1. How many Å² of accessible area per residue for the chain, probe 1.4 Å?
2. Run down the aspartates and glutamates and flag those whose C-alpha is under 19 Å from the C-alpha of K68, throwing out any fewer than 8 positions away in its chain.
3. For labels at A241 and Y55 in the simple 7 Å Cα→Cβ model, what's the distance in nm?
4. For T101, what accessible area in Å² do you get when you roll a 1.4 Å probe over the heavy atoms of the protein chains, rounding to the nearest 10?
5. Projected onto the charge dipole of the chain (+1 at Lys/Arg Cβ, -1 at Asp/Glu Cβ, origin at the Cα centre), which of G229, P239, P60 gives the Cα projection farthest towards the positive end?
6. With both partners inside the chain, how many of the DSSP beta bridges are antiparallel, as a percent to the nearest 5?
7. Using +1 at the C-beta of Lys and Arg and -1 at the C-beta of Asp and Glu, which of P295, S342, Q142 has the Cα lying farthest in the positive direction of the dipole of the chain?
8. With every protein chain left in place, what is the accessible area of H149 in Å² (1.4 Å probe, nearest 10)?
Amino acid sequence: MKSPRIVSLFCSCMLLSHDITSLSPALALEDSEFPAIFNFGDSNSDTGGLSSSLYQAPPPYGETYFRKPAGRFSDGRLIIDFLAKSLGHPYLSAYLDSLGTNFSCGANFATAASTIRLPDPIIPAGRFSPFYLNIQYMQFMQLKSRSQHIRHRGGIFASLMPKEEYFSKALYTFDIGQNDLGKGFFDNQTIQEVNASVPDIMSKFSTNIKNIYDLGARLFWIHNTGPIGCLPYILATYPSAQKDEFGCAKSYNEVAQHFNHKLREAIVQLRKDLPLATFTYVDVYSVKYSLYKEPKRYGFELPLVACCGYGGKYSFNSSAECGGTVAVNGSQIFVGSCKRPSARVNWDGIHYTEAAVKFVFDKISTGAFSDSPFLLKQACHRSLDY
C-alpha cells in the first residue's frame, strides 16, 4: 500500500492574495471549502457523458483502476477524478447519465468530442459531440433550476440534488478547446487558418463563462490545452509535419500555444469584466510537455506511442482504434492494451493514461503552474491514499 499523500489543493484552502482587492472577500476569507464541483469540457474530463448518451467506451477502457469501462476515455481516472477525491467528494456523475447518478456534490457536463463552438458535422454523421459548450451551459441552467424544485418537493431524490447555496460556493472547472483546433485540422485548414479561428473560439468561450457567472458561479479553474503536436493521432495523420527535438509536430504545438496565449488574454479580460469572480488559469500544457521532454526522468517510456492501438510508428490507426478489431492475415485481432500502461504516457493515440494524468494532477495541485492573483495556503490537510 502506498503511503498516504497529503493533498493541499482546495482542501479547506485560504486564498492569500498579493492584491486582496482583486478577490471577492467571500471567496478569499470565508469560503474555505468547496461543497461541489461543476465541470465543463471534453474527453479530458468526461466521466460518462458520451458513454451514457451516444457511444459507450469499450474494453479495455477503464481497465487499470475500474477494471471495466467506466465512461472515461482512458485506462483509468482523469484529473477531475483526482480533484474530486482531493475535496473529499465522490467521483462526479455525468449529467447525461440517467442511471445511479448523484448530483449532491456537483455534476459533470463534459462529453468526449465536445467543442467550444457549434461543431459540424456531429455524431453519428460526424466525429464531434452535439453537447458543445453552449449546450453544457444550458444543461447547467436546467440542473440549477430543476434540482431545487426536486429538493423542495422532497422524496427519495431530494438528497441527490445539490443544495441551493452550493452554486455560489462551488468550484467551476473547464478543460475544453482541443477539439476546436482538431476540427480545423480535419477540415484541411492551414495552420494560419486554424490560428485565425481562435479569436472567435475565445469569444464563444468568454460568453459562456459570463452566462455561467450570471447563474451564480464565482470560482473558475480553467485548464489550457495540451501539446496536441505530441499526440500519436496527429503524428500518424500528418507524418510530414516538421518535428521538434522530442519528436512532436512543431507547428501543431504552436497552434496549441497560440490558443493558450489567447485563452490567457481572455481570462485577464474576464477578471476585469467580472471583478467579483476569481479565475485561475492552469498551465497543463507545460506539465504534459515535460512528459515528452524527459519521460525517463518521470518513469515513463515511449511517450509518442499509443499504449492501446495498432500499426505504424505511433501505434495509431484510425481504422483500428483501441477496443476495436483489425484484420491481420485473415483473422480479426482485438486492439488491446500494452503490457505496462503505468509506464506509458499516451493511452489510445488521443488521451493520456491514468499514470500520466496522475502525474499532471500532482504537478498542478501544487499551484506552481497556475496563473492567478492569489496563492493557495494550506489551512488543513486531507490525507488520501490513492
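1. On the way: 16770 Å² over 386 residues.
Ligands and nucleic acids excluded, the figure is 43 Å² per residue.
2. The reachable aspartates and glutamates, counting only those whose Cα sits under 19 Å from K68, are D46, D81, D97, E321, D348, E354.
3. 1.9 nm
4. Its heavy atoms expose roughly 30 Å² to the probe.
5. Toward the positive end, the furthest listed residue is P60.
6. Details: 15 of 35 bridges.
The answer is about 45 percent antiparallel.
7. S342
8. 120 Å²
The values are calculated or read from the model by the stated rules, or taken from the named source; none is laboratory data. As the structure is a computational prediction, the values presented were derived from the model and not from experiment. Note: ideal-geometry Cβ built from the backbone for every residue, glycine included; neighbour counts use all protein chains shown. We work out accessible area using only protein heavy atoms, side chains counted, and drop any ligands, DNA or RNA first. Shrake-Rupley method; radii C 1.70, N 1.55, O 1.52, S 1.80 Å.
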